[in-house]
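The structure appears right after this line, and notes come after that.
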Amino acid sequence: MIILSGGTGTPKLLRGLKNVIPEEGITVIVNTAEDRWVSGNLVCPDIDTVLYTFAGLIDEKKWWGIKNDTFYTHEALKKLGYREPMKLGDQDRAAHIFRSELISSGYTLTEATERLRLSLGVKARVLPMTDDPVATMIYTSEGEMHFQDFWIAHKGEPKVLDVRFDGLDAAKPTTEMISALSSEDTIIIGPSNPITSIGPILELKGIIPILQKKHVIAISPIIRNKPVSGPAGKLMKAMGYEVSSAGVAQCYEDFLDVLVIHRKDDCVVHNVKVVKIDTMMTSPKEGERLARFIIELTKY
């Protein structure tokens, strides 16, 4: 099973999937446009959330970082007068150091992710969308800023005027990613932000033509006119999309076959098959229920 993922909504589905089907049968292609160098190390928020979810380490209260982590290094840096743009836990930082040392030694991001996956005992395949640097930049009423500054430092509050992915024009999808997409008839797009989590994956050269030949199922991260979490609504509106499941369908209109929406969502969606179920995943059992439902949809 191939799943396109960002950093929060989709990992909740992955938590359910790994309890329903063999983990080694899952391949996750992950957004890297929110990656950022912090305190000398490369932080890959979406990749790490996926890895930590499979490893059973994810902090399920925040859906980022490692549960029960400590922040001694972060606090020590603060005392020295250095303010980190992201609050990194000590165990989480160890993963960043491990990755960054590998990359400094000549490994690609894909190779470094594979080493980290094996070290964490994760059986599912986790593939970065590209080995090339890409940065999500948000144009706001307070100026241009990296997505992490917008979401963390500014708490997603500034008005969004536009979104740009620096480096995406020159970035190439990895061989491993193309091979994975080509190996399956059905592709799942998880309930992640369609603009900044899934959008960068789709905008890589050659990806949409591949998806047009596949049976594509997407889970909407919007219920009625509100996102389940995160800034998806604000970003969709800024990019000219209706904040609704219909807007999500429009984001994927070039290739989408089936859209899964919440059972209480009365939004009218055209040109794709729509199926309804409770898409909220506030517990592992709810994630497992949705996972089983998605698996049945793949048997079209």
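The values are calculated or read from the model by the stated rules, or taken from the named source; none is laboratory data. Quick caveat: nothing in here was measured; it's all calculated off a predicted structure. No Cβ is skipped: glycine too gets one built from the backbone with ideal geometry, and neighbour counts run over all protein chains shown. Ligands, DNA and RNA are stripped out before the accessible areas are found, and what is left, the full protein with its side chains, is counted by its heavy atoms. Shrake-Rupley method; radii C 1.70, N 1.55, O 1.52, S 1.80 Å.
Looking for something of a type outside the set (Asp, Glu) and under 19 Å from GLY156 (Cα atoms) - is there at least one such residue anywhere in the range 286-294?
Looking for residues that are of a type outside the set (Asp, Glu) and under 19 Å from GLY156 (Cα atoms), one finds none in the range 286-294, hence no.
Would you confirm, using the coordinates I've provided, whether ALA95 is open to solvent by less than 50 Å² (accessible area, probe 1.4 Å), in contact (Cβ under 8 Å) with a residue 24 or more places away in the chain, touching a strand residue (DSSP E or B) at 6+ places or on another chain (Cβ under 8 Å) and of a type in the set (Gly, Ala, Ser)?
Judged against the criteria, ALA95 is not a match.
Output the residue which, of all residues in the range 1-21 that are more than 18 Å from LYS61 (Cβ to Cβ) and either polar (S, T, N, Q) or free of Cβ contacts under 8 Å to residues at least 12 places away in the same chain (or both), is surrounded by the fewest Cβ atoms within 10 Å (Cβ to Cβ).
Restricting to residues being more than 18 Å from LYS61 (Cβ to Cβ) and either polar (S, T, N, Q) or free of Cβ contacts under 8 Å to residues at least 12 places away in the same chain (or both), the top hit is ASN19.
Anything in the range 251-266 that is within 19 Å of the chain's Cα centre (by Cα) and farther than 20 Å from ASP185 by Cβ? List them, or say none.
Selection gives CYS251, ILE261.
Please go through the range 44-87 and give me each residue that is more than 22 Å from the chain's Cα centre (by Cα) and basic (Lys, Arg), ordered by number.
The answer is LYS78, LYS79, ARG83.
Mind checking whether some residue in the range 261-279 is hydroxyl-bearing (Ser, Thr, Tyr) and open to solvent by 20 Å² or more (accessible area, probe 1.4 Å)?
Looking through the range 261-279, none of the residues is hydroxyl-bearing (Ser, Thr, Tyr) and open to solvent by 20 Å² or more (accessible area, probe 1.4 Å).
Just for helices (runs of 4 or more DSSP H) wholly inside the range 107-209: which have at least 2 residues that are polar (S, T, N, Q) and either open to solvent by 40 Å² or more (accessible area, probe 1.4 Å) or farther than 30 Å from MET281 by Cα (or both)?
Because the criterion is at least 2 residues that are polar (S, T, N, Q) and either open to solvent by 40 Å² or more (accessible area, probe 1.4 Å) or farther than 30 Å from MET281 by Cα (or both), the helices (runs of 4 or more DSSP H) in the range 107-209 that meet it are 175-183.
Applying the selection to the range 55-77, what residues are modelled with pLDDT under 95 and either open to solvent by 40 Å² or more (accessible area, probe 1.4 Å) or more than 19 Å from GLN148 (Cα to Cα) (or both)?
Listed by number, the residues that qualify are GLU60, LYS61, LYS62, TRP64.
How many residues does the range 210-220 contain that are open to solvent by less than 10 Å² (accessible area, probe 1.4 Å) and either under 19 Å from ASP46 (Cα atoms) or free of Cβ contacts under 8 Å to residues at least 60 places away in the same chain (or both)?
Of the residues in the range 210-220, 5 are open to solvent by less than 10 Å² (accessible area, probe 1.4 Å) and either under 19 Å from ASP46 (Cα atoms) or free of Cβ contacts under 8 Å to residues at least 60 places away in the same chain (or both).
Could you tell me how many of the residues in the range 198-254 are small (Gly, Ala, Ser) and closer than 22 Å to LYS155 by Cβ?
6
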